[in-house]
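Student: Before anything else, here's the structure in question.
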Amino acid sequence: QLQLVESGGGLVQAGGPLRLSCAASGRTFDTYGMAWFRRAPGKEREFVAALRWSDGYTWHVDSVKGRFTISRSNAKNTVFLQMNSLKPEDTAVYYCATGRSGLRVVVADEYNYWGQGTQVTVSS
């Protein structure tokens with residue numbers, strides 16, 4: 001089995017930083033990488049960023065480019081989402097996810113394992 005545990009959410013003022021972590025345990029060796037999604041109140045779940053284990057290649061949704069950065073630990077079992085210049089519209093529950101495919105990294109259905117989510121609230 002594979003388990004994902006997020007941490008690092010909280011309340012922050014607009015313009016401030018926050019760093020999320022996702023620790024993976026179990027069968028991570030047959031997954032393509034890790035991704036972050038978010039769900040804001042009343043909205044659909046949205047892809048935020050992803051990282052591929054094999055070469056460290058990353059993807060970021062346009063709305064967070066230049067502000068958010070996904071990275072990994074040297075042990076490759078923890079992924080981080082550094083969020084800078086936060087905006088109120090970034091308020092959401094953030095989830096990390098992993099899967100075997102890696103073909104459509106922005107598609108939530110491609111992911112087999114999900115964390116429990118961590119709340120990020122940005123006040124104006």
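The values are calculated or read from the model by the stated rules, or taken from the named source; none is laboratory data. All figures in this text were calculated on a predicted structure; none of them were measured in a lab. Note: areas computed on protein heavy atoms with side chains; ligands, DNA, RNA excluded. Shrake-Rupley method; radii C 1.70, N 1.55, O 1.52, S 1.80 Å.
Student: Need one value: the accessible area of residue 29 in square angstrom, 1.4 angstrom probe, rounded to the nearest 10.
Tutor: 150
Student: For a quick check of understanding: with a 1.4 angstrom probe and all protein chains in place, what accessible area in square angstrom does residue 6 have, to the nearest ten?
Tutor: Surface open to solvent at residue 6 totals about 10 Å².
Student: Do you know the relative contact order of the stretch 25-112, to the nearest whole percent, from alpha carbon pairs under 8 angstrom that are 6+ apart?
Tutor: Here the relative contact order equals 34 percent.
Student: Considering the stretch 83-124, what Rg and Dmax in Å follow from its alpha-carbon atoms?
Tutor: For the stretch 83-124, the Cα radius of gyration and maximum Cα-Cα distance read 12.9, 39 Å.
Student: Based on a Kirkwood Rh over C-alpha pairs, give the Stokes-Einstein translational diffusion coefficient of the stretch 2-69 at 37 °C and viscosity 0.692 mPa s in µm²/s.
Tutor: Numbers: Rh = 13.8 Å.
D, rounded to a whole number, is 239 µm²/s.
Student: How much of residue 25 can a 1.4 Å solvent probe reach, expressed as accessible area in Å² and rounded to 10?
Tutor: Around 60 Å² of this residue is reachable by solvent.
Student: Could I ask something else about it? With Kirkwood's inverse mean 1/r over C-alpha pairs for Rh, give me the Rg to Rh ratio of the chain, two decimals please.
Tutor: Values: Rg = 13.4 Å, Rh = 14.2 Å.
Over the Cα atoms of the chain, Rg/Rh equals 0.94.
Student: Tell me, what % of the accessible area of the chain is carbon and sulfur with a 1.4 angstrom probe?
Tutor: Values: 3050 of 6420 Å².
Here it works out to 47 percent.
Student: In addition: Counting only heavy atoms of protein chains, what accessible area per residue, in Å², does the stretch 31-124 have with a probe of 1.4 Å? Mind dumping the intermediate values first?
Tutor: Numbers: 4670 Å² over 94 residues.
Averaged over the residues of the stretch 31-124, the accessible area is 50 Å².
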